[in-house]
Amino acid sequence: MTNAILNLSLSEARDQLRAKKLSATELTQAYITQMENTRDLNAYITETPEQALAMAKQSDQRLAEGNARPLEGLPLAIKDLFCTEGFKTTAGSKILDEFIPPYESTVTQNLFNDGAVMLGKTNLDEFAMGSANLTSAYGPVLSPWHPKNDPSQNVVPGGSSGGSAAAVAAYSALAATGTDTGGSIRQPAAFCGIVGLKPTYGRCSRFGIVAFASSLDQAGPMTRTVRDAAIFLESMASHDYKDATSVNRPVPNYEAALAGNVKGLKVGIPKEYLHENLNPDIDALWQQGVAWLKDAGAEIVEVSLPHTKYALPTYYILAPAEASSNLARYDGIRYGRRVEGQSLEDLYEITRSEGFGEEVRRRIMIGTYVLSAGYYDAYYLKAQKVRRLITQDFQTCFAKVDVLLTPSTPTPAFSLENPPSDPIEMYMNDVLTVPINLAGLPAISVPAGLDAKGLPLGLQLIAPAFHEEILFNFGQIIEQAANFPQLKVPA
């Protein structure tokens, strides 16, 4: 019975709850048991089973009264970057290891207002800085997938939302929240064989999300199906007066917009994404994706994004610059950990040295450098100008096509034991995703196939701003054509 419950998608579980074929308490208990059974993945930093069962009990009462809300009784995981009132929020960092927020993030408040049940807080790269979930102060997350030729080998789940991705793929959460600054939803979604959506910048409020790079951060859903992502996003999105970058425009009924018809629509294939380091299996899958969309009636058009090659260096100037500014608040006085010193300057220095990990310290140093007098114009200001050119490239493309199709990542998941030792090599994992963040556009990663080792691969669809509906439509076409072999729930 438990396996049958866990195999339900979010939309199926919702329908069974409303039909009273299942109770929210039964559903939640099944996920709590699976969360315990998969602890070796280290997907969760904090588990909240008592809270989950209490929320499920309230949902059962509302379901019995016929007052079900959109996500009533559905157990979800929350990335530990979202502030949750009364529950520890660490951002994967030692410097916030005892931080209990006195307020709720807007996104999680929206989810709870719609009846969602919180299972716990998921692991992540420290302050969302990473592509493999290797920089968390709470240890690495393991992907539930293994190479078929070496099942004992562990691979990374991607990052920074690796805990959320692993939890959804391993059936220890029905769905999860993620955040995406340079690919942190789409890349782990591709590595773990699930759906991950980065909405348009401004679609979801950033209030109460621990900031990494404020002009790039965006919350989004991580689910097992495209339909589930549509349902989940509708609850996450809202206008919020507490976030000045939140956009005041109606939230569509995304699920109702799943028409499944793309006939006559134009799909752009950016020639610059034919990267020399693109894995051959991923290249073949990309061509397969083109064939699937052509068979569905879409017209394929080659397009050009000429400034794509500058996206990665631009991102790694702007994101660290914003991070160095945002993380200046963690000084041992106002938030989190404090290590006493001989003087106030000592206190700052020792607290930040002990509180931040190596990758965070590296990015703070880079950001401080590019913002410093004498280098600001040469690096930061120039990067802002290039960002504008990258945005204009997309605008030119979307005057000709309705959506763009690319791979989600240049490689499949790599070994946990032998990750890239060079930071630049690690940063290359983001090469296909960061241009979208710089332009503030929505994009979705859909699981579409396996590589030669049997590890998941994803295809990425990109749309004009606030056109998430078209991503769901095209995403569902790929999902149905690929018939992706999801992991089975362990017996």
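Data for the structure
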| quantity | calculated |
| --- | --- |
| Selected residue (only one of A298, A328 is in contact (Cβ under 8 Å) with a residue 12 or more places away in the chain and either under 26 Å from L216 (Cα atoms) or in contact with a strand residue (DSSP E or B) (Cβ under 7 Å, 6 or more places away or on another chain) (or both)) | A298 |
| First in segment 461-482 and in contact (Cβ under 8 Å) with a residue 40 or more places away in the chain and farther than 15 Å from A229 by Cα, second anywhere and open to solvent by 20 Å² or more (accessible area, probe 1.4 Å) and hydroxyl-bearing (S, T, Y), Cβ under 9 Å, 6 or more apart | A465/Y201 |
| Subset of segment 99-138 that is hydroxyl-bearing (S, T, Y) and surrounded by 23 or more Cβ atoms within 10 Å (Cβ to Cβ) - its residue that is modelled with the lowest pLDDT | S131 |
| Unmet requirement for P464, which otherwise passes all of (1) in contact with a helix residue (DSSP H, G or I) (Cβ under 9 Å, 6 or more places away or on another chain); (2) surrounded by fewer than 21 Cβ atoms within 10 Å (Cβ to Cβ); (3) at pLDDT 95 or above; (4) farther than 24 Å from K294 by Cα | (4) |
| Qualifying residue in segment 378-401 (condition: surrounded by 17 or more Cβ atoms within 10 Å (Cβ to Cβ) and touching a strand residue (DSSP E or B) at 6+ places or on another chain (Cβ under 6 Å)) | yes |
| Check on E322, part of a helix (DSSP H, G or I) and out of contact with any strand residue (DSSP E or B) (no Cβ under 6 Å at 6 or more places or on another chain) | yes |
| Residue match in segment 325-337 (condition: under 28 Å from the mean Cα position of the chain (by Cα) and at positive phi) | yes |
| Residues that are over 17 Å from P306 (Cα atoms), open to solvent by less than 20 Å² (accessible area, probe 1.4 Å) and among the hydrophobic types (A, V, I, L, M, F, W, C), drawn from segment 404-440 | A413 |
| Enumeration of residues in segment 45-74 that are under 19 Å from S235 (Cα atoms), charged (D, E, K, R) and in a helix (DSSP H, G or I) | R62 |
| Which numbered condition D217 fails, given (1) open to solvent by 10 Å² or more (accessible area, probe 1.4 Å); (2) more than 23 Å from T391 (Cβ to Cβ) | (2) |
| Subset of segment 113-123 that is in contact (Cβ under 8 Å) with a residue 60 or more places away in the chain and part of a loop (DSSP other than H, G, I, E, B) - its residue that is farthest from P140 (Cα to Cα) | D114 |
| Exclusive hit being in contact (Cβ under 8 Å) with a residue 60 or more places away in the chain and under 25 Å from V401 (Cα atoms), set I231, I194, I209, I282 | I282 |
| Unique match (being more than 16 Å from the chain's Cα centre (by Cα) and buried (at least 24 other Cβ atoms within 10 Å of the Cβ)) among S205, S172, S161 | S172 |
| Qualifying positions in segment 51-68 - open to solvent by 60 Å² or more (accessible area, probe 1.4 Å) and within 20 Å of T223 (Cα to Cα) | none |
| Matching residues, segment 469-491, being of a type in the set (A, V, I, L, M, F, W, C) and in a helix (DSSP H, G or I) | I470, L471, F472, F474, I477, I478, A481, A482 |
| Where a residue in segment 37-49 is under 17 Å from D97 (Cα atoms) and its partner, wherever it lies, is surrounded by fewer than 20 Cβ atoms within 10 Å (Cβ to Cβ) and basic (K, R), with Cβ under 8 Å and at least six apart | I45/K88; T46/K88 |
| Every residue from segment 29-49 that is open to solvent by less than 20 Å² (accessible area, probe 1.4 Å) and farther than 24 Å from W145 by Cα | T48 |
| Tally, over segment 88-113, of residues that are over 18 Å from F127 (Cα atoms) and over 20 Å from the mean Cα position of the chain (by Cα) | 3 |
| Residue count for segment 328-358, restricted to those that are buried (at least 16 other Cβ atoms within 10 Å of the Cβ) and within 15 Å of A91 (Cβ to Cβ) | 7 |
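The values are calculated or read from the model by the stated rules, or taken from the named source; none is laboratory data. Worth saying up front: this structure is predicted, and the values here are computed from it rather than measured. With ideal geometry, Cβ positions are generated from the backbone for all residues, glycine too; neighbour counts draw on all protein chains shown. For the accessible areas, the whole protein counts, side chains as well, though only heavy atoms, and no ligand, DNA or RNA atoms are used. Shrake-Rupley method; radii C 1.70, N 1.55, O 1.52, S 1.80 Å.
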